[in-house]
Amino acid sequence: MPSAVLLPFLLALRGTAALPARPISHVETHEPAVAITFDACATMKGQYGFDEEVFAILKREQVPATIFVSGRWVDTHAQAMAELTGDPLIEFGDHSYDHPHMTKLTVARMGEEIDQTEAALSRYGRHSVAFRPPFGDWNRRVIDVLRERKLPTVTWDVVSGDPSAKATTDGMIHVVLGQARPGSIIIFHINGRGWKTHEALPAILTGLRERGFRFVPLSELMRQQDAGAAAPAGESAPPPPAGAVP
């Protein structure tokens with residue numbers, strides 16, 4: 001569907017709720033709820049893959065998850081998208097098309113990166129619940145482009161660190177269980193770049209449950225507070241560890 005036709009349709013789906021002027025990195029809530037999110041990105045330099053083991057864990061544990069896809073990843077992973085869209089516990093977010101630094105683009109090109117990914121998702125009957133800027137890199141222009149499309153900007157407050165070759169299973173478990181709090185947005189990867197994700201995820205899910213947390217889709221978590229919690233002062237998300245760039 002051409003973006004000129006698709007955009008009005010998506011705007012109608014997203015309603016008219018006011019959007020925050022900064023990225024949502026955490027939602028203020030008294031509910032013991034957290035959102036498990038994954039990035040699935042491909043770039044012009046690499047298509048990457050799909051971590052079937054991670055998806056199998058989510059299905060086995062019946063954990064809802066929000067997967068931020070780049071449009072190029074969607075277009076090059078038809079089988080994975082068929083599996084993901086067939087699971088009612090999976091929802092999607094927009095992670096741009098080519099995974100660029102959005103702040104370095106013109107406003108027109110920003111819009112194309114977003115709209116191309118929405119068009120790719122629409123071919124599977126899905127649309128995004130939020131946008132996650134690659135590298136957590138955003139500025140006012142990025143936010144304005146997204147607000148025109150009624151898409152909230154979402155980053156994270158708990159970084160698993162799974163893309164880093166230095167990540168260890170025990171280290172990931174320790175970080176996530178130690179930092180998670182009500183309203184947390186936890187970031188992992190499911191595009192084959194999570195070195196230890198499939199090893200750490202079962203213990204992380206068990207540990208969070210033992211602490212009384214329940215897992216909700218990001219869209220549900222955001223509804224618990226209209227504006228969410230903004231990123232700290234400045235114009236970036238909490239930085240990931242070295243080598244763990246989302």
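The values are calculated or read from the model by the stated rules, or taken from the named source; none is laboratory data. The structure displayed is predicted, hence computed values, not measured ones. Ideal geometry is used to build each Cβ from the backbone, glycine not excepted, and the neighbour counts take in all protein chains shown.
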Check: Checking residue 10 against (1) in contact with a helix residue (DSSP H, G or I) (Cβ under 8 Å, 6 or more places away or on another chain); (2) at pLDDT 65 or above; (3) under 17 Å from residue 131 (Cβ atoms); (4) not small (Gly, Ala, Ser), which single condition isn't satisfied?
Finding: (2)
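From the list 5, 27, which one is out of contact with any Cys (no Cβ under 6 Å at 6 or more places or on another chain) and modelled with pLDDT under 95?
Values: 27 fails: modelled with pLDDT under 95.
5 is the lone residue from the list that is out of contact with any Cys (no Cβ under 6 Å at 6 or more places or on another chain) and modelled with pLDDT under 95.
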Check: Any idea which of 42, 18 is buried (at least 18 other Cβ atoms within 10 Å of the Cβ), at pLDDT below 90 and of a type outside the set (Lys, Arg)?
Finding: 42
Notebook entry, point to check: Which pairs have Cβ atoms under 8 Å, sit 6 or more apart or on different chains, and link a residue in the range 172-184 that is touching a residue at least 60 places away in the same chain (Cβ under 8 Å) and in a helix (DSSP H, G or I) to one that is surrounded by 23 or more Cβ atoms within 10 Å (Cβ to Cβ) and of a type in the set (Lys, Arg)?
Noted result: none
Notebook entry, point to check: Consider residue 66 against the criteria (1) hydroxyl-bearing (Ser, Thr, Tyr); (2) modelled with pLDDT under 95; (3) within 18 Å of residue 183 (Cβ to Cβ): it satisfies all of them except one. Which criterion is unmet?
Noted result: (2)
Next item on the list: Write out, first by first residue and then by second, each pair whose Cβ atoms fall under 8 Å of each other, whose residues are 6+ apart or on separate chains, and whose first residue, in the range 195-220, is loosely packed, with under 15 Cβ neighbours inside 10 Å while the second is part of a helix (DSSP H, G or I) and not aromatic (Phe, Trp, Tyr).
Entry: 202/57; 202/61; 211/177
Next item on the list: Take the residues in the range 171-213 that are of a type in the set (Lys, Arg) and within 26 Å of residue 80 (Cα to Cα), then tell me which one is modelled with the lowest pLDDT.
Entry: 193
